[in-house]
Amino acid sequence: MELSRIGELIGSPSVLGDPERDWARAEAQLGVTLPDDYKAFVSAYGSGEFMETLMLFHPRGRAGDEGLNLFDLWRSTSEAYEYLSRSGSDVPQIPVYPDPFGAVPVGRSISGNVLFLVPPRNIGGVWSVAMDVGEWVFFEGGFTDFLWEALQGSLHPVLDGEIGFEQIGVLE
């Protein structure tokens, strides 16, 4: 899915970052190359919130309460899933970062549901999208395809309300 198609729904990007610069540190920490469509979207639009429902985090987002920093999301999500696994109360259906080949958290709903990018199962495969909403919901397609479907209302109840994206936080 082209960014321009998503822009038809949410407006033009306002950040227009540099994907190479934005993602070098994040991918080095992960040890994996994230999907191009995801990196292009987040670099172009920055951190923010879709329809007052789903927040996307940026690797250069200000850390702490003032921003949506992707590294903060990775840390807090990995701590939460590690705790759940240790307690035996809720073992994730799939491995979660920092587990090797684990799903990478990239966003969170206002109710705390986590949005993940799921690495391909085989070399050359396609990344998919999953959301933990108490049960795992999978979208077998790329990140921008997921956004398009969610914005169109095809993935109810992922996003609900007036279509839009609001930039939140400051990028460093």
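The values are calculated or read from the model by the stated rules, or taken from the named source; none is laboratory data. What you are looking at is a predicted structure, and each value in this text was computed from that prediction instead of being measured. Glycine gets a Cβ as well: all are built from the backbone with ideal geometry, and neighbour counts include every protein chain shown. Accessible surface areas use protein heavy atoms only, side chains included; no ligands, DNA or RNA. Shrake-Rupley method; radii C 1.70, N 1.55, O 1.52, S 1.80 Å.
So how much accessible area does residue 148 have, in Å² to the nearest 10, using a 1.4 Å probe? Surface open to solvent at residue 148 totals about 40 Å².
Please list 160, 37 from largest to smallest accessible area, probe radius 1.4 Å, with all protein chains kept in place.
Details: 160 100, 37 45 Å².
Reading off the accessible areas and sorting them downward yields 160, 37.
Rounded to the nearest whole Å², what accessible area per residue is found for the chain with the 1.4 Å probe? Don't skip to the answer; put the middle values down first.
On the way: 8860 Å² over 172 residues.
The answer is 51 Å² per residue.
Histogrammed with a bin width of 10 Å, the alpha carbon distances of region 19-69 distribute as 25, 54, 21, 1 percent, first bin at zero. Which residue, chosen from 154, 63, 6, occupies the Cα position most advanced towards the positive end of the dipole of the chain, where the dipole is computed from +1 (Lys, Arg) and -1 (Asp, Glu) charges on Cβ about the Cα centre? Positive-end residue among those listed: 63.
Could you work out what % of the accessible surface of the chain is carbon and sulfur, using a 1.4 angstrom probe and leaving DNA, RNA and ligands out of the count? The nonpolar share, carbon plus sulfur, comes to 49 percent.
Starting from the coordinates of the alpha-carbon atoms of the chain, obtain the Kirkwood hydrodynamic radius over all distinct pairs and give the value in Å to one decimal.
Details: mean 1/r = 0.0618 Å⁻¹.
About 16.2 Å for the chain.
For the chain, the 222 nm mean residue ellipticity estimated from helices alone, with every DSSP H stretch of n ≥ 4 adding -39500 (n - 2.57) and the total spread over all residues, rounds to -10500 deg cm²/dmol.
The figure for residue 168 is an accessible area of roughly 50 square angstrom, using a 1.4 Å probe on the protein chains alone. Between the beta carbons of residue 24 and residue 52, assuming R0 = 25 Å, the FRET efficiency works out to 0.20 to the nearest 0.05.
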